[in-house]
Amino acid sequence: MAVYALVDCNNFYVSCERVFNPALEGKPVIVMSNNDGCAVARSAEAKAIGVDMAAPAFKLRHLVESHGLVMLSSNYALYGDMSERVMSVLATFSPGAEVYSIDECFLDLDGLPVDDLTAWSQQIRATVRRWTGIPVSVGIGSTKTLAKLANRLAKKSKKANGALDLTRDVRWVEAALKQTPVGDVWGIGRQYAAHCGVNGIRTAYDLTLQSDGWIKKTMGAVGLRTVMELRGTTVHTLDTAPSDKQTTCCSRSFGEAVADYGQVRDAVVTFASRAAEKIRGQGLVAGALQVFAYTDRFRPDQPQFSLNAMIRLSPPTSSTPHIIGAALKGLESSWRDGYGYKKAGVIMLDLVRPEDIPRDLFSPPPDAGVKPKALMTAVDGINRRLGKGSVGYGLAPKDAPWQMRCDSRTPSYTTSWDELPLVKA
């Protein structure tokens, strides 16, 4: 029988902040989205005082005074580095590991010489906490969907103490399914959950009792695969070699609306540079790009406009100057004066590996891009060594009005030499 574990970091962003600031323990803490817009991570204490996920930050300011709520700007450099540390620890527990998201990892336990998976799970929790400072929960099941369901219950149950093994007793699976609202099942979206509610299906257990024909007709083949996993049939195996991305986007909401063409152009140059760096890091080239900008859709009292342009890149490239040139060409062709733009971005499309580029009679010879490749390698190397944005094309001022608002961001403790924590003896 296949056995999977899902290891999930508890309140990951908040936990990362607490590693370097223990004074936050026991306090209500939230981490806000880009531009300090809304809550994207909450501590248990913040949830207890009624802070909802995605609650707008301006509606939470009063809780700072009344309940001591701590509101932090997001620090993705810190979270990404801490995630890598957690995943490297988890990889020591099983040869089969799938990093599912920044704070979740599936482990394949099939064939592992472990007698007591509950004790083994507690060992994982203790090791990750000791080596990284991050608390995690572990759920174990005969399928990935059941492991995900077990993890959810492990977090909620004091008796489980952060670890639940549903393979230990077959009766536990049925009990777990009956305790789980159908809307909380991995893969069941809001629309399907509402449809199930209309048909009297309240729990995951209710869903497993429906006929395959009804499920396929109502939820499609994807829904049927989810239900098969809830019944204990393995459908989703470990994905240890994720396929290449088809698109990559670099965009940002501005700190304030920008009507000046030069300011929006600087933002697009920055986004295009970052997008080019991303696809080079993945070993890919782009066959097209899309540049966009739009006004604030939540301000209907202001003039509304959305610009959008797509540019083909022939031959496909990951060269920053070529991508910036194409993005600016698209921006200039679709630009309109008189609007206050609130967000802009660049999307890289038709991503492929260089060796997979379809060639024709007019394609340049394979060694035609040697010099640009060497230049981009040098630029990426400098930025890795000295910090992001150390060298680039047309560097924009850090106080530009479109730059991201992050007044409460903590230092990059683990990724910047200048921001290392200080120890006083």
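The values are calculated or read from the model by the stated rules, or taken from the named source; none is laboratory data. Keep in mind it's a predicted model, so treat the numbers as computed, not measured. Neighbour counts run over all protein chains shown; Cβ positions are idealised from the backbone, glycine included. For the accessible areas, the whole protein counts, side chains as well, though only heavy atoms, and no ligand, DNA or RNA atoms are used. Shrake-Rupley method; radii C 1.70, N 1.55, O 1.52, S 1.80 Å.
Take the Cβ atoms of Thr233 and Ser306, set R0 to 45 Å, and the FRET efficiency comes out at 0.50. With a Cα-only, solvent-free Debye model of the stretch 164-311, what are the log10 I(q)/I(0) values at q = 0.11 Å⁻¹? Scattering profile of the stretch 164-311, log10 relative to I(0): -0.75.
What whole-number value in Å² describes the accessible area per residue of the stretch 209-283 for a 1.4 Å probe? Walk me through the intermediate numbers first.
Values: 3760 Å² over 75 residues.
With the other protein chains kept in place, the stretch 209-283 gives 50 Å² per residue.
Could you tally the net charge around Thr295, taking each other residue with its Cβ under 9 Å from the Cβ of Thr295, Lys/Arg +1 and Asp/Glu -1? Summing Lys/Arg as +1 and Asp/Glu as -1 gives +3. With the charge dipole of the chain set up from +1 on Lys and Arg Cβ and -1 on Asp and Glu Cβ about the Cα centre, the Cα lying farthest toward the positive end among the listed residues Phe93, Val379, Ala204 is that of Ala204. In this rough spin-label picture, where each label sits 7 Å from Cα along the Cβ direction, the Asn21-Tyr76 distance is 2.0 nm.
Extending 7 Å from Cα along the Cβ direction at Lys178 and again at Ser101 yields two label points whose distance is 2.9 nm. To put it simply, the accessible area of the chain at a 1.4 Å probe is 53 percent carbon and sulfur. Shown in residue order for the stretch 259-270 are the 3J(HN,Hα) couplings computed by the Karplus curve 6.51 cos²θ - 1.76 cosθ + 1.60 at θ = phi - 60°: 9, 7, 4, x, 5, 5, 4, 4, 5, 5, 4, 5 Hz (x for Gly and Pro).
Using just the alpha carbons, could you tell me how many Å³ per residue the convex hull of the chain encloses?
Working: hull volume 88.0 nm³, N = 425.
Convex hull volume per residue, Cα atoms: 207 Å³.
Given the options Thr415, Leu63, Cys16, identify the residue whose Cα lies farthest towards the positive end of the charge dipole of the chain (+1 on Cβ of Lys, Arg; -1 on Cβ of Asp, Glu). Positive-end residue among those listed: Leu63. For the pair Val64 and Leu209, the difference between a 0.36 nm per residue extended length and the Cα-Cα distance amounts to 47.5 nm.
Each Lys and Arg adds +1 at its Cβ and each Asp and Glu adds -1 at its Cβ; summed about the Cα centre, the chain shows a dipole of about 540 debye. Since only Gly262, Val222, Ser251 are under comparison, the one whose Cα sits farthest along the positive direction of the charge dipole of the stretch 170-268, derived from C-beta charges on Lys, Arg, Asp and Glu, is Val222. Each of Arg299 and Gln246 was given a label point 7 Å from its Cα along the Cα-to-Cβ line. The distance between the two points is 3.5 nm. The Cα-based radius of gyration of the stretch 127-203, divided by its Kirkwood radius, gives an Rg/Rh of 1.05.
Taking 8 Å as the Cα distance limit and 6 or more residues as the minimum spacing, I'd like the relative contact order of the stretch 167-296 as a percentage. Walk me through the numbers before you get to the answer.
On the way: 69 pairs, mean separation 19.8, N = 130.
Here the relative contact order equals 15 percent.
Annotation: amide H-H contacts under 5 Å for Asp110 (H modelled 1.01 Å from N, sequence separation of 5 or more, or interchain): Val3.
Counting other Cβ atoms within 10 Å, keep those with at most 16, restrict to DSSP loop, and tell me which trypsin sites (Lys or Arg not before Pro) in the stretch 2-65 are left. Display every interim value, and only then the final one.
On the way: sites: Arg18, Arg42, Lys47, Lys59, Arg61; in loops: Arg61.
Hits after loop and neighbour filter: Arg61.
Against the main long axis of the alpha-carbon atoms of the chain, helix 212-230 sits at an angle near 80°. Normalised per residue, the accessible area of the stretch 80-143 is 43 Å², obtained with a 1.4 Å probe and no contribution from ligands, DNA or RNA. For the pair the stretch 23-63 and the stretch 69-94, the centres of their Cα atoms are 19 angstrom apart.
The string of couplings for the stretch 275-280 from the Karplus curve (6.51, -1.76, 1.60, θ = phi - 60°) is 5, 4, 5, 4, 6, 5 Hz, one whole number per residue in order, with x for Gly and Pro.
Computed over the chain, relative contact order equals 16 percent, with contacts defined as Cα pairs under 8 Å that lie 6+ residues apart. For the stretch 115-129 versus the stretch 184-244, the inter-centroid distance based on Cα atoms is 29 Å.
Between Asp337 and Tyr393, what FRET efficiency follows from the Cβ-Cβ distance if R0 is 22 Å, with the result rounded to 0.05? Intermediate results must be reported in sequence, preceding the final value.
Details: r = 25 Å, r/R0 = 1.14.
Once rounded, the FRET efficiency stands at 0.30.
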